[in-house]
Structure formats: structure tokens, C-alpha cells
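Beneath this line is the structure, given in C-alpha cells, with notes to follow.
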Amino acid sequence: MAFIPNTSHNIFISWSGRRSQWIAEALRDWLPVVIQATRPWMSDREIQKGSRGLHEVARALEGIKVGITCLTPENLGAPWILYEAGALSKALDDETRLCTYLLGGLQFQDVRPPLGMFQATKAEKDDTRKLIQAINVAVGDHPVPESNLIEIFDAMWPKLEEKLRTIPKPEEDVVA
């Protein structure tokens with residue numbers, strides 16, 4: 001049987017842990033409303049029970065335009081986050097992006113290489129808008145016009161902001 005690359009998804013959302021998953025799910029649902037050309041892939045939703053998870057991840061990475069890694073203080077060194085980021089970075093070319101989305105009070109300087117090598121996005125309105133603008137350019141042959149994108153983003157931001165505000169508390173204390 002021939003390997004058929006994934007053509008149905010163009011955004012790969014990576015997460016590890018309850019808090020990171022909380023925001024990953026919110027992004028997965030929110031992004032296609034803001035930019036209709038986005039087709040997010042997230043392991044918890046797209047991998048069927050009983051399937052080979054690593055094979056599904058590898059298949060999902062084919063044709064991905066943007067990877068978003070949801071980082072919290074407690075998952076910075078999580079093996080799964082590092083595995084998916086490594087797999088994403090191997091797929092990078094001049095038009096593919098790996099974006100880290102900083103949650104739970106993380107600052108740019110908290111993220112060390114290899115993840116620290118990529119331009120990070122704070123989970124705040126202005127920085128998230130910049131991320132959305134980058135995604136808009138990366139995913140479509142016909143990006144949403146800038147003025148329309150800003151209007152849609154501003155209208156939809158409160159929904160994502162509410163998820164960010166209600167992110168669960170960490171299950172463990174994080175020692176830096």
C-alpha cells in the first residue's frame with residue numbers, strides 16, 4: 001500500500017499536559033473561525049483509538065504549513081513536546097513555520113533551545129494577532145485581506161481570551 005501524504009490539514013497543534021491541551025483544543029476550534037483556510041490537526045481529536053499514533057503524527061506532518069506548540073512551565077521539557085517539535089522542525093522550509101505559544105506566565109527567555117530557537121508568541125491579544133497574521137499568509141494562496149482579518153480577529157478574540165483566562169491551574173509545582 002502506498003503512503004498517501006496528508007493534504008487535509010495545514011496547521012499542526014502540539015500539546016502535552018492538561019493545561020496545554022486546554023488551549024490546544026481552544027485554538028483548534030477557534031482558528032478556522034478566524035481564518036477559514038486553516039485546517040488544524042491535533043492528536044487528541046484526529047488520532048483514532050487503536051491506530052498507530054506515531055504513524056498518524058508522521059502522516060499529519062506532511063503538508064503542514066504551521067506548527068503551533070502550546071507551552072506551559074510544566075511541559076517545557078516534556079518528551080512528547082520535544083519529539084513533535086523536532087519532527088516539525090525537520091519539515092520546515094522557507095514557507096513553513098513552527099510557533100511556540102507561551103502560556104501560564106512563560107516568558108521568551110524561559111524557553112531554551114531547541115524550542116527557544118523559534119520566534120515565540122505570548123498568549124496575549126497583540127502577540128496572538130501577529131501569530132494570526134503569520135498564519136494567514138502561510139496557509140492560503142489567497143490570504144484574508146488584512147483589514148478583514150483584523151476585524152474578524154477583534155470580534156473573535158474574546159472567545160479565545162476567555163479560554164486563556166480559565167486555563168486550569170497546574171497540577172504540580174514547577175521548579176525552574
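The values are calculated or read from the model by the stated rules, or taken from the named source; none is laboratory data. In this text, all values refer to a predicted model and were calculated from it rather than measured experimentally. Using ideal geometry, Cβ is built from the backbone for each residue, glycine included, and neighbour counts are taken over all protein chains shown. Protein only, heavy atoms only, side chains kept; ligands, DNA and RNA dropped before computing areas. Shrake-Rupley method; radii C 1.70, N 1.55, O 1.52, S 1.80 Å.
Ordered by packing density, taken as the mean number of other Cβ atoms within 10 Å over each peptide's residues, highest first, how do 100-108, 152-160, 64-72 rank?
64-72, 100-108, 152-160
Sequence-distant or interchain residues sharing an amide H contact under 5 Å with residue 98, placed H: which?
For residue 98, the qualifying residues are 67.
Can you compute 3J(HN,Hα) from phi for each residue in the range 148-164, using the Karplus curve 6.51 cos²θ - 1.76 cosθ + 1.60 with θ = phi - 60°, rounded to whole Hz and x for Gly and Pro?
With coefficients 6.51, -1.76 and 1.60, one gets 5, 4, 5, 5, 5, 4, 4, 6, 8, 3, x, 5, 5, 4, 4, 5, 5 Hz.
Quote the FRET efficiency, to the nearest 0.05, computed for residue 8 versus residue 127 with a Förster distance R0 of 25 Å and r equal to the Cβ-Cβ distance.
Result of the calculation: an efficiency of 0.30.
Counting GluC sites (Glu not before Pro) as exposed when in a DSSP loop with at most 14 other beta carbons within 10 Å, what is the longest stretch of the chain free of them?
Excluding the exposed sites themselves, the longest stretch runs over 1-61.
Return the calculated 222 nm mean residue ellipticity for the chain, to the nearest 500 deg cm²/dmol, obtained by summing -39500 (n - 2.57) across DSSP H runs with n ≥ 4 and dividing by the residue count.
-14000 deg cm²/dmol
Can you tell me the relative contact order of the chain? Whole percent, Cα pairs under 8 Å, sequence separation 6 or more.
That works out to 27 percent.
Taking amide H positions as placed in the peptide plane 1.01 Å from N, state which residues far from residue 38 in sequence (5 or more) or on other chains have amide H under 5 Å from it.
none
Using a basic spin-label model with each label point 7 Å from the Cα along Cα→Cβ, how many nm lie between residue 146 and residue 36?
Result for the modelled spin labels: 2.3 nm.
Running Debye on the range 110-176 with equal point scatterers at the Cα sites and no solvent, what base-10 log of I(q)/I(0) appears at q = 0.13 Å⁻¹?
-0.53
Check which residues have an amide H placed less than 5 Å from residue 122's amide H, if you skip close sequence neighbours.
The list, which skips near neighbours in sequence, is 102.
Please report the antiparallel percentage of DSSP beta bridges with both residues in the chain, rounded to the nearest 5.
Restricted to the chain, the bridges split so that about 0 percent are antiparallel.
For the range 47-166, which whole-number percentage of the solvent-accessible area (1.4 Å probe, protein heavy atoms only) is attributable to carbon and sulfur atoms?
51 percent
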